[in-house]
Amino acid sequence: MDSKIFWVGFNLVKGIGAVRMQALQDYFGDLERAWNAPYQSLCETGLNPKICERIIQLRNQIDLEKYWQKIISQNIQVITRDDVEYPRLLNEINQPPPVLYIKGSITLEDEWAIAIVGTRKLTHYGRQATEEFAKTLADHKITVVSGLARGIDAVAHKAVIEAGGRTFAVLGSGVDRIYPSEHKLLADNIIQQGAVISDYAPGTSPDSGNFPPRNRIISGLSRATIVIEAGEQSGALITAEFAADQGRDVYALPGSIFSPQSKGTNRLIQNGAKPLIDIRDLLQDLQVELIQERKDLIRSNPLDMFEQQIMDLLSQEPLHVDEITQMSHLPVSHVSAYLSILELKGVARQVGGMKYVSIHEKNEEYQA
């Protein structure tokens, strides 16, 4: 039985998030033991008794193996926080979602991603800016992340697809419950050129309360967030706030002071967001072309003696940088530098907590 099945089980329990999932892992050693634990043992982890009751109730109601097979039959990939495939940028945020459900594919190159979000009630100006920005990012092989909503989100996804680029849609529902329903074809196209992603289990309805939390995943997957147009109460402002909290840059499109759609973006600029007048300014800020050239150069070169020495220590079991330093007898500054290079070469990956694992080069793309 795949151990991920128990991650999915706990993901179905209301009130079990990143912190409580980690507490269960720490106490029981693995989630299989936690899933099969009696009520009293669950409560000893510090969980609220009501949550412990929910776990027991769900365990008695659900056929977890059957539910898992249904997920697999729908070509949905399950990635947990412990997997090497887990997106590195997302893993760097505070309390990353323990489980992701994915339809499509995630590649190493998707680590170069920018979010584009905005109002559902876009203007012609907003549409034009979105199409230009999204197309330019796609031309520079930068993945565009958005939320599949009506308005700016949909325009961004469509522009990237038409340009032959890659895009991610992060949902506030299960990946099998596309919302809005008229974007089903758009979602199918995104799956062919990127991925539809959710931390909500398959079958989850698009409840209004699900959308604000999913915005932290949109920003978490991205190196920066662009807000095109947003009213004073727009959900795009929540994404911008999450991005700022995560230490990621926020860009906003300046607009008329008389336009309701620009009140939110103008306010963002007033509060410190970078005004985005030309998408090339963002590319220059992130040094995208320079970094891409460096990645291509590093990938084309074989491992040197010290890089190979570190690779010989790595396996599929996470190893802390301090352990690598001790075992390699190299200075920690050198080890950190070599690990960064190995990540760029696509043969090693940080899986959180300064721990690293090896990645086979043939697994550069993870298909769902």
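Coordinate-derived values only; no laboratory data. The shown structure was predicted, so the numbers you read here are calculated from the model rather than taken from an experiment. Counting neighbours? That spans all protein chains shown, and the Cβs are built from the backbone with ideal geometry, glycine included.
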Thr204, Thr107, Thr130 arranged by Cβ crowding within 10 Å, fewest neighbours leading:
Thr107, Thr204, Thr130
Simple spin-label estimate for Glu65 and Ala18 in nanometres, 7 Å along Cα-Cβ
3.4 nm
Which order results if Thr167, Thr80 are arranged by neighbouring Cβ count within 10 Å, fewest first?
Thr80, Thr167
Mind running the shape call on segment 301-363? Use the C-alpha gyration tensor, a ≥ b ≥ c as the square roots of the eigenvalues: rounded below 1.5 for a/c, prolate if a/b tops b/c, oblate otherwise.
oblate
Diffusion constant of segment 4-73 at 25 °C, which comes from Stokes-Einstein with the Kirkwood Cα-pair radius and 0.890 mPa s, µm²/s
203 µm²/s
Share of antiparallel DSSP beta bridges in the chain, in percent to the nearest 5?
45 percent
Put in order of increasing Cβ neighbours within 10 Å, starting from the fewest, Leu58, Leu186, Leu221 give Leu58, Leu186, Leu221
Among residues other than Ser3 whose Cβ falls under 12 Å from its Cβ, what is the net charge (Lys/Arg +1, Asp/Glu -1)?
-3
Based on the mean of other Cβ atoms within 10 Å per residue, sort peptides 60-66, 176-182, 214-220, 143-149 so the most packed one is first.
143-149, 214-220, 176-182, 60-66
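Determine the relative contact order of the chain: mean sequence separation of Cα pairs under 8 Å and six or more apart, normalised by residue count, in whole percent.
15 percent
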Find, to one decimal place in angstroms, the Kirkwood hydrodynamic radius of the chain, where the mean of 1/r is taken over every pair of different Cα atoms and then inverted.
21.7 Å
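Under the 0.36 nm per residue contour assumption, what length would be gained going from the current alpha-carbon distance of Ser3 and Asn75 to full extension?
Using 0.36 nm per residue and subtracting the Cα-Cα distance, I get 24.1 nm.
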Can you work out ³J(HN,Hα) from phi for every residue in segment 144-154, in order, using Karplus 6.51 cos²θ - 1.76 cosθ + 1.60 and θ = phi - 60°, giving whole Hz and x for Gly and Pro?
9, 10, 8, x, 6, 6, 5, x, 4, 4, 5
Give me the net charge of Leu137's neighbourhood, meaning all other residues with Cβ under 12 Å from the Cβ of Leu137; Lys, Arg count +1, Asp, Glu -1.
+2
Amide H proximity to Val145 below 5 Å, modelled H, separation 5+ or other chain, gives Ile114, Ala115, Ile116, Phe168
Could you please state, rounded to a whole Å, how far the C-alpha centre of segment 305-340 is from the C-alpha centre of segment 152-228?
37 Å
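Viscosity 0.890 mPa s, temperature 25 °C: give me the Stokes-Einstein translational D for segment 88-286 in µm²/s, with Rh taken as the Kirkwood radius over C-alpha pairs.
Working: Rh = 16.2 Å.
The estimated diffusion coefficient comes to 151 µm²/s.
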